[in-house]
Structure formats: structure tokens, C-alpha cells
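Here the structure is laid out as C-alpha cells; the discussion comes afterwards.
What follows is calculated from the coordinates using simple rules that are stated; it is not laboratory data. All values derive from a computational prediction rather than experimental measurement. So basically every Cβ, Gly included, is an ideal-geometry build from the backbone, and we count neighbours across all protein chains shown.
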Amino acid sequence: MELQAFLTALEERIARYDLLCHPYYQAWSAGQLTREDLREYASDYYHHVAAFPAYLSALHSRLDDGELRRAVLGNLCDEEIQGRPHSELWLDFAEGMGADRDQVRQRVPLPQLRELIAEFRRVAREGATPEALAAFYAYESQVPRIAKTKADGLARHYGADARTCGYFELHQFADVEHSQVWRDLLSAEIAANPEQASAALDAAEKGAQALWKALDGMEARRSRRSGNSRR
């Protein structure tokens, strides 16, 4: 597969699961989620945010010395060393929605969140390098748009302060660079190993689908609560 055809297919695969089109995020943008919805979302999704550096570390540990390994390490440093760890910024969001930080850390997340974490752990530990890069790209390429939408919604509908919105304010910009790094690294891998294009596309779609299904779990819980409250 030609590189440009691969990149076009990559974006198409991810767009099938454009998270801003998910009913849960649309409800967030419209101010239709309750603070309890957001508190539970923050408490569950924290575990994926907290695990992301471990995904990066798992891939980093398998790579030979070179530009690729250093690029993965650079992303890992951004997550945990440069400034406050991103997981702590997420806990600021959870706390702003009324959650207790320690209880969030100890929470057992929804099954769909556990499946999301398992998928990213699997591809980081066992997938070929282009597969892992494609999965990371499927996640971080969506984050800047989503982060802006979330921050705007939190401020407009829920009166969230700067500390509560800090994670999303940062990721409007940080993941623009991160996603471009993944795209560039993935392009180089596919140019050198075009036979791996199909597997990389499948990995990107699986990652995007796992992220979508995590929101399915959130939306199902919200629907059950809304149904019970009407009884």
C-alpha cells in the first residue's frame, strides 16, 4: 500500500469512531450530563489516563536504540515528568466534580473501561511497532478537539474553575504535537515496512473502537439512572 493511501485509510478508520459524535460527549457539550455523571466518568476514565504512561513504557522497553525509542520516551516524559503528571491533572478534574482523589484511585472501573485498558496494554506489549503507533495515534489524534469541547462545556454549563479544566486546557495543545509525532513515526515505519500497513490499520480501528465502547458504558449507566429517576 502506498503511504498516502495508508494515511487516508488511517483517518477513515478512526473517523468511524469519532468520539465527538458519541451521544455521551454530545450530551456533555449540551450541558445534559449531571455532576454525578461527570464525577463517575472522571472516576472511571482516570484509570485509562493513569495507565497511558505504562503503555508508552511497555513499547519503549521493546525498541532498539534510536530516534523511535527516544520519541516514545519524550512522550512518556511529557506525561509524567514535565510539570505535574497528567494523571494528577485528571484527578483535579475529578475532585472539581466532587470526587475523592484516593477513592478514584481505588475504584474498579466499568467493564468497558477495563477492556479499553486491556486493549492498549496488549498492543503496547505485544503488537508490532506500527500497530502500537497506530493505536496511540487513534487516541491522541482525537484528544485536542475533544479536550477543547470538554473544557468549553465544563466552563459554560458546570461553572468549572481553571484548576478543574486544567487537564483539558493542556491537552488542547500538547496532543497536537504528540499526535503529529505518532503520525510521523508511523509513516516512517509503513514506508519502510509496507506489508505491515493492514495490521496497523486494524490496530488503529480497534483502539478507536475500544475508546467508543468505553463511552457506550458511560452512556448506558446514564440511561439507567435517568430511567430510574423517572419512575
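Taking R0 as 35 Å, what FRET efficiency do you get between GLU12 and GLU36 from their Cβ-Cβ distance, rounded to the nearest 0.05?
After rounding to 0.05, the efficiency reads 0.45.
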Practice task
Work out how much length SER29 to ASP100 would gain on full extension: take 0.36 nm times their residue separation and subtract the Cα-Cα distance, in nm to one decimal.
Solution key: 23.1 nm
Problem - Cα-based helix-to-principal-axis angle, 197-229 vs the chain, degrees rounded to 10 - result: 10 degrees
Problem - Selection from ALA210, ASN193, LEU113 lying farthest towards where the dipole of the chain points positive, charges on Cβ - result: LEU113
Exercise for the section: Give me the net charge of GLU189's neighbourhood, meaning all other residues with Cβ under 12 Å from the Cβ of GLU189; Lys, Arg count +1, Asp, Glu -1. Expected result: -3
Handout entry: Spin-label pair PHE173/ALA188, simplified geometry with 7 Å Cα→Cβ offset, distance in nm
Key = 2.6 nm
Exercise for the section: Give, rounded to the nearest 20 debye, the magnitude of the charge dipole that region 3-226 has about its Cα centre when Lys and Arg contribute +1 at Cβ and Asp and Glu contribute -1 at Cβ. Expected result: 740 debye
Fill in the blank from the handout: Checking rank on 174-183, 60-69, with mean other Cβ inside 10 Å and highest first, the result is 174-183, 60-69
Practice task
Provide the FRET efficiency to the nearest 0.05 for the GLN180-ASP216 pair, computing r from the beta carbons and using R0 = 30 Å.
Solution key: 0.55
Exercise for the section: Kindly write out, for region 158-165 in residue order, the coupling ³J(HN,Hα) from the Karplus curve 6.51 cos²θ - 1.76 cosθ + 1.60 (θ = phi - 60°), rounded to whole Hz, with x marking Gly and Pro. Expected result: 10, x, 5, 8, 4, 5, 5, 8
Exercise for the section: Pop a pseudo-label 7 angstrom from the Cα along the beta-carbon direction at both SER226 and GLU126 and give the gap in nm to one decimal. Expected result: 3.7 nm
Completion exercise
Stretched fully, the stretch from ALA5 through GLU115 gains (0.36 nm per residue minus C-alpha distance, one decimal, in nm) 36.6 nm
Problem - For ILE146, net neighbour charge (Lys/Arg +1, Asp/Glu -1) across residues whose Cβ lies under 15 Å away - result: -2
Completion exercise
Taking every other residue with Cβ under 10 Å from the Cβ of ALA134 and scoring Lys and Arg +1, Asp and Glu -1, one gets -1
